[in-house]
Amino acid sequence: MDKPLDFISTLIGFTLYPMNIISYLNDPYSIAQTIEHIAKLLSQHTSIVKDHTSAQGILPLRFGELDNQGNFLEFKIPKQFKLTYSTKKKVTSELLYFDILTRQNQFDTALSTLCDTITEYNRNHRPLWSDSSSFFGINILIPLVLKNEAHIPMLIHFLSSTDLHKEKSLTEDLNRVFQTHGWTTKTLELLAARATIIEGKCGQKQIKHLLREGALLQHLQSDLNQNILLEKITEFALLNYSEQEGENTPKTIITQALKSFKGVSDTLTYKCKFLQRSFVEHFPNYLPCSSHLFNGHDR
């Protein structure tokens, strides 16, 4: 047996299910080793992952430390931490662990690598869940994105590898991102993805709710912001068609992506209709619209 797997055997309590992850929060080396070897499990030792995965695709990780007698002690969840989440979101030691880690900038690169590894695993195997409400990996990515919106493309890439038809707490997770960062180019990119490639079962419902709150509605009164949103919708609609492998027509995909934004304003409604028509007419060589795409086209 090679050395990495020896370490994993020490790191993880090998009951069949779940995994007990031993990691000392006051020891940066211990944390770095934990992140690295979870990634190695997913990339090099997938049979172990499958042994600890339930029939529902859940891979629960219980994070904690060993006491003086060698007993595993799972991290206790502070009451105040629980209050930041709704009843839909299961608050676990995994959620707490990665929330703590993302507050320390030194682990961002390692956590990003782990997220990429989880995404790659999902694309080659049945997608994993942390529990019955949360995708495995979302508890790392949401804290990273809350800290820095530059991680939004990585979040979108990850979510496109999950089973979004079974989402339960994703709307709450994404709303935290929108509320933290407000409306920017990056959050519009996430909104566009939610309308297309990561629509899932609740995407359109979430977008309609966001439009009723007013801040997004106001942001989309600007021509520039409208064009940024439509450019991203175009990119993701093309990608969505590719990933669906022809399951839906270009017209169906672009119409579905745009439907929540029609009616926001006369100008945006016109642009949506223009984009829908152009997307279908010029598919598959339709280029993502630029900021000047709709200039000169009178209603």
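The values are calculated or read from the model by the stated rules, or taken from the named source; none is laboratory data. Worth saying up front: this structure is predicted, and the values here are computed from it rather than measured. Here Cβ is always computed from backbone atoms with ideal geometry, including for glycine, and neighbour counts include all displayed protein chains. Calculation scope for accessible area: heavy atoms of the full protein, side chains included, ligands and nucleic acids excluded. Shrake-Rupley method; radii C 1.70, N 1.55, O 1.52, S 1.80 Å.
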Counting residues in the range 92-243 as N, plug N into 2.2 N^0.38 Å and put the Cα Rg over that result. 1.02
Dividing the mean separation of Cα pairs under 8 Å (6+ apart) by the residue count of the range 167-266 yields a relative contact order in percent of 32
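If you add up the charges near Thr162, with Lys and Arg at +1 and Asp and Glu at -1, over every other residue whose beta carbon is less than 15 angstrom from its beta carbon, what do you get?
Values: positive: Arg123, Arg126, Lys166, Lys168, Arg194, Lys201; negative: Asp116, Glu120, Asp131, Asp163, Glu167, Asp173, Glu199, Glu243.
After counting each charged neighbour, the total is -2.
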Sorted by chain and number, the residues with a modelled amide H under 5 Å from that of Ile21, at a separation of 5 or more or across chains, are Arg62, Phe63, Gly64
In nm, to one decimal, how far is the modelled label at Gln44 from the one at Thr184, with both set 7 Å along Cα→Cβ? 3.6
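Where Lys and Arg each count +1 and Asp and Glu each count -1, what net charge lies around Ala110 among other residues with Cβ under 14 Å from its Cβ? Don't skip to the end; give the middle numbers.
On the way: positive: Lys40; negative: Glu36, Asp108, Asp116.
Local net charge: -2.
Quick check: with the 1.4 Å probe, what order do Arg123, Arg277, Arg212, Arg176 take by accessible area, largest first?
Working: Arg123 95, Arg277 115, Arg212 175, Arg176 55 Å².
If we order Arg123, Arg277, Arg212, Arg176 from most to least accessible, we get Arg212, Arg277, Arg123, Arg176.
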As a test question: what accessible area, to the nearest 10 Å², does Asp223 have when a 1.4 Å probe is rolled over all protein chains in place? 90
How tilted is helix 138-147 with respect to the longest principal axis of the chain? Cα atoms for both, answer in degrees (0 to 90, nearest 10). 60
Using +1 at the C-beta of Lys and Arg and -1 at the C-beta of Asp and Glu, which of Thr84, Phe107, Asn71 has the Cα lying farthest in the positive direction of the dipole of the range 71-165? Thr84
Applied in sequence order to the range 222-239, the curve 6.51 cos²θ - 1.76 cosθ + 1.60 (Karplus, θ = phi - 60°) yields integer Hz couplings, x standing for Gly and Pro, of 7, 4, 4, 5, 4, 5, 4, 4, 5, 4, 5, 4, 4, 4, 6, 5, 5, 5
For Cα pairs less than 8 Å apart in space and 6+ apart in sequence, what is the mean separation divided by the residue count of the chain, i.e. the relative contact order in percent? 12
Dipole in debye (nearest 20) - the chain, about Cα centre, beta carbon charges: Lys, Arg +1; Asp, Glu -1: 1060
Contour excess over end-to-end distance, with Cα ends at Lys262 and Lys201 and 0.36 nm allotted per residue: 20.0 nm
Can you pull the accessible area of Leu95 for me, 1.4 Å probe, Å² to the nearest 10? 10
If ligands, DNA and RNA are left out, what is the accessible area of Thr185 with a 1.4 Å probe, given in Å² to the nearest 10? 80
If R0 = 51 Å, then Ser54 and Val280, at their Cβ-Cβ distance, give a FRET efficiency to the nearest 0.05 of 0.75
At R0 = 30 Å, FRET efficiency that the Cβ-Cβ distance of Lys166 and Asn68 yields, to 0.05: 0.10
Taking the Cβ of Ser278 as the centre, find all other residues whose Cβ is under 12 Å away and add up their charges (Lys, Arg: +1; Asp, Glu: -1). +3
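At 1.4 Å probe radius, can you tell me the per residue accessible area of the range 158-299 in Å²? Let's see the in-between values first.
Working: 6740 Å² over 142 residues.
Counting only protein heavy atoms, the per-residue value for the range 158-299 is 47 Å².
Quick one: of the DSSP bridges fully inside the chain, what percent are antiparallel, nearest 5? Intermediate results must be reported in sequence, preceding the final value.
On the way: 6 of 11 bridges.
Rounded to the nearest five, the antiparallel share is 55 percent.
Specify whether the C-alpha gyration tensor of the chain places it in the rounded, prolate or oblate class, a ≥ b ≥ c being the square roots of the eigenvalues: rounded for a/c under 1.5, otherwise prolate if a/b is larger than b/c and oblate if not. Spell out each step's value before the answer.
On the way: a/c = 2.60, a/b = 2.01, b/c = 1.29.
Prolate, because a/c is 1.5 or more and a/b exceeds b/c.
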Which of the aspartates and glutamates could a cross-linker bridge to Lys90, judged by Cα under 17 Å and excluding same-chain residues fewer than eight apart? Glu74, Asp99, Asp131, Glu167, Glu172, Asp173
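So, with a 1.4 angstrom probe, what is the percent of accessible area on the chain that is carbon and sulfur? Let's see the in-between values first.
Working: 7240 of 14300 Å².
Roughly 51 percent of what the probe reaches on the chain is carbon or sulfur.
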Within the chain, excluding any GluC sites (Glu not before Pro) found in a DSSP loop (not H, G, I, E or B) and having at most 12 other Cβ atoms within 10 Å, the longest uninterrupted segment runs 1-244
Calculate, for Thr252 and Thr113, the FRET efficiency according to 1/(1 + (r/R0)^6) with r their C-beta to C-beta distance and R0 35 Å; round to the nearest 0.05. 0.45
Using the charge dipole of the range 140-299 (Lys, Arg: +1 at Cβ; Asp, Glu: -1 at Cβ; taken about the Cα centre), state which of Cys202, Ile254, Ile156 has its Cα farthest towards the positive end. Cys202
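Below 8 Å, C-alpha to C-alpha, sequence gap of six or more: please give me the relative contact order for the range 119-219 in percent.
Details: 87 pairs, mean separation 26.3, N = 101.
Averaging sequence separation for qualifying contacts and normalising by length gives 26 percent for the range 119-219.
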In terms of the alpha carbon gyration tensor, root eigenvalues a ≥ b ≥ c, rounded if a/c is under 1.5 and otherwise prolate when a/b exceeds b/c or oblate, the range 91-138 is oblate
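Compute, for the range 107-254, the length of the dipole vector about the Cα centre, with Cβ point charges of +1 (Lys, Arg) and -1 (Asp, Glu) only. Units Debye, rounded to 20.
Working: 14 positive and 18 negative charges, 81 e Å.
It comes to approximately 400 debye.
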